[in-house]
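Here the structure is laid out as structure tokens; the discussion comes afterwards.
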Amino acid sequence: MPTSMLTAALLLSGVLTSHLPSAPADSRRSRPEDNLLSNSGAEKGSRTPREWDRTQPVTGVEYLWDKKTGFESKRSLSLKKTVERYFPIASWRQEISLDEVGRRLHVGAMIKAERAHKAVLDVEFELDDGEFRHQWASYVGARETGDPPAQHDWQWYSGIVEVPEGAKRAFVGLQMYGPGQVWFDEVTAHSVADDTLVTKAAQLQGRPASDRGRLPVAGTRTTPQSGGNPFPATSRAIDSDDAKRYFLIPPRQKKAPEQGYRLLLVVPGGDGSADFHPFIRRIAENSLPASYLVVQAVAPVWSDDENRVVWPTRKLPDRKMKFATEEFLEEILEAAMNEYPIDSRHVYALGWSSGGPPSYTASLQKSSKLTGCLVAMSVFKPELLPSLKHARGKAYYLLHSPEDFISMSFPETAVKKLKKAGAEVHLEQYDGGHGWHGDVYGHIRKGIQWLEKQSN
């Protein structure tokens, strides 16, 4: 989904952040002779690079052992992705021994990027109980919605990850999520002191080649978006159930309007995770009046399957789910309306990509509190939705790009069928393909304003 396609998704860090210094305060360098990885520059091998394995074949992805491009050499490992989706993930990887390794690993690589939307240096640990855990060491690509993809010559990327208790072996992965191409060379993994601060991948930048081997700066990027929301968001859980997590962003307007606050429920695309929260905060600040209360649902993870349904419903279930998404979303709305005085005419949902179908589903419940939906870059499959008769009297603003890999036939069908069912529907097009492009907050603001006019 592309944060958002994330950026989708990515949106892993806090509110809009400033760049970290390129010269690290800690000048220690990892020594090449201590590298836990073999053939770190992919110089050795005949038909395939020695020691490096590919994960499963992925449609639209080329695993390349490039023999013409390298950092101070002629070879490197590369991944080239031409399809506009994040999953499944393509990866080169190598197992490393954890013998004589303490609680911290410094993992890095020289990386070159060409229109790379999202690539990651990943470390996967296998624990004694058979469980697997992932940690990202470093992140390459667009970090905020609307950011351009990564485009640069060789830079040094690295991060510090924690070795979990009970880890018996580990794999360093060179991963590609979004479209574009990346090259990896001089990949390193070193054991460092147990008191070395663990870093967050999304908070670190690529650094000059002269920094190769240096440990990264550890710290948190906290520079707020200009005019940031003075009311802190809070993380909640319905009935203290961690699978029913959501965020609540209070209205900026302290005194409730005479008819109550207006309410926006956000159902994120991509993996639906809490990582989208910074983006949702900026939506609240830049797209909505001060009289809005915003609640963001966090998708429960019922399985580790990369192709899982992010927001399973009664008609599109996950066999491991403990509740359907439409029930969860209704509970969030009910909790918000019990806590704040809400104008029941103005209760909307915003869902994009994977968040589109559950937004439709929630609005089509017989007793739904939603009066309208803004659905972007998503599919519309009536056979997987409740009866469309419940759309009568509601409003739907659809935002879609003709260049999206999701066909325009989906929103066009939604227009026809929802109008026939008695709903007010508007389809707005934008340029750029799947994901948030152009004046993102302006697009959302325009959609919300249209929904408000239908509700007045």
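The values are calculated or read from the model by the stated rules, or taken from the named source; none is laboratory data. Source: prediction; values computed, not measured. Note: ideal-geometry Cβ built from the backbone for every residue, glycine included; neighbour counts use all protein chains shown.
Just a few scattered comments:
- When the residues of the range 206-237 are filtered to those that are at pLDDT 85 or above and buried (at least 17 other Cβ atoms within 10 Å of the Cβ), the one that is farthest from residue 34 (Cα to Cα) is 236.
- Spans of helices (runs of 4 or more DSSP H) in the range 338-456 with at least 3 residues in the same structural domain as residue 313 (by TED's automatic domain parsing), closer than 27 Å to residue 316 by Cα and polar (S, T, N, Q): 356-363
- Extreme residue, modelled with the lowest pLDDT, among residues of the range 71-92 that are within 13 Å of residue 54 (Cβ to Cβ) and touching a Lys or Arg at 6+ places or on another chain (Cβ under 8 Å): 90
- Within the range 429-445, the set of residues being of a type outside the set (Gly, Ala, Ser) and buried (at least 16 other Cβ atoms within 10 Å of the Cβ) comprises 430, 434, 436, 437, 440, 441, 443, 444, 445.
- Count of residues meeting criterion [hydrophobic (A, V, I, L, M, F, W, C) and surrounded by 24 or more Cβ atoms within 10 Å (Cβ to Cβ)] in the range 177-200: 5
- Within the option set 325, 361, being farther than 19 Å from residue 236 by Cβ and either buried (at least 21 other Cβ atoms within 10 Å of the Cβ) or modelled with pLDDT under 95 (or both) holds for one residue only, 361.
- Selection of strands (runs of 3 or more DSSP E) fully inside the range 47-113 by the criterion of at least 1 residues being within 12 Å of residue 183 (Cα to Cα), more than 27 Å from the chain's Cα centre (by Cα) and charged (D, E, K, R) returns 61-66.
- Summed over the range 277-313, residues that are more than 18 Å from the chain's Cα centre (by Cα) and acidic (Asp, Glu) total 1.
- When 173, 180 are screened for being in contact with a Pro (Cβ under 8 Å, 6 or more places away or on another chain) and at pLDDT 90 or above, only 180 passes.
- Residue 396 meets all of the listed conditions (1) over 23 Å from the mean Cα position of the chain (by Cα); (2) more than 27 Å from residue 261 (Cα to Cα); (3) aromatic (Phe, Trp, Tyr) but one, namely (2).
- Close pairs (6 angstrom Cβ cut-off, 6 or more residues apart or separate chains): surrounded by fewer than 16 Cβ atoms within 10 Å (Cβ to Cβ) in the range 302-320, of a type outside the set (Ser, Thr, Tyr) and modelled with pLDDT under 95 anywhere: 303/320; 306/87; 306/88; 320/302
- Any hit, the range 257-271, residues being closer than 19 Å to residue 362 by Cβ and of a type in the set (Gly, Ala, Ser): yes
- Every residue from the range 277-308 that is at pLDDT below 85 and either in a loop (DSSP other than H, G, I, E, B) or aliphatic (A, V, I, L, M) (or both): 304, 305, 306, 307
- Filter result for residue 123 (aliphatic (A, V, I, L, M), surrounded by fewer than 16 Cβ atoms within 10 Å (Cβ to Cβ) and either part of a strand (DSSP E or B) or touching a Pro at 6+ places or on another chain (Cβ under 9 Å) (or both)): no
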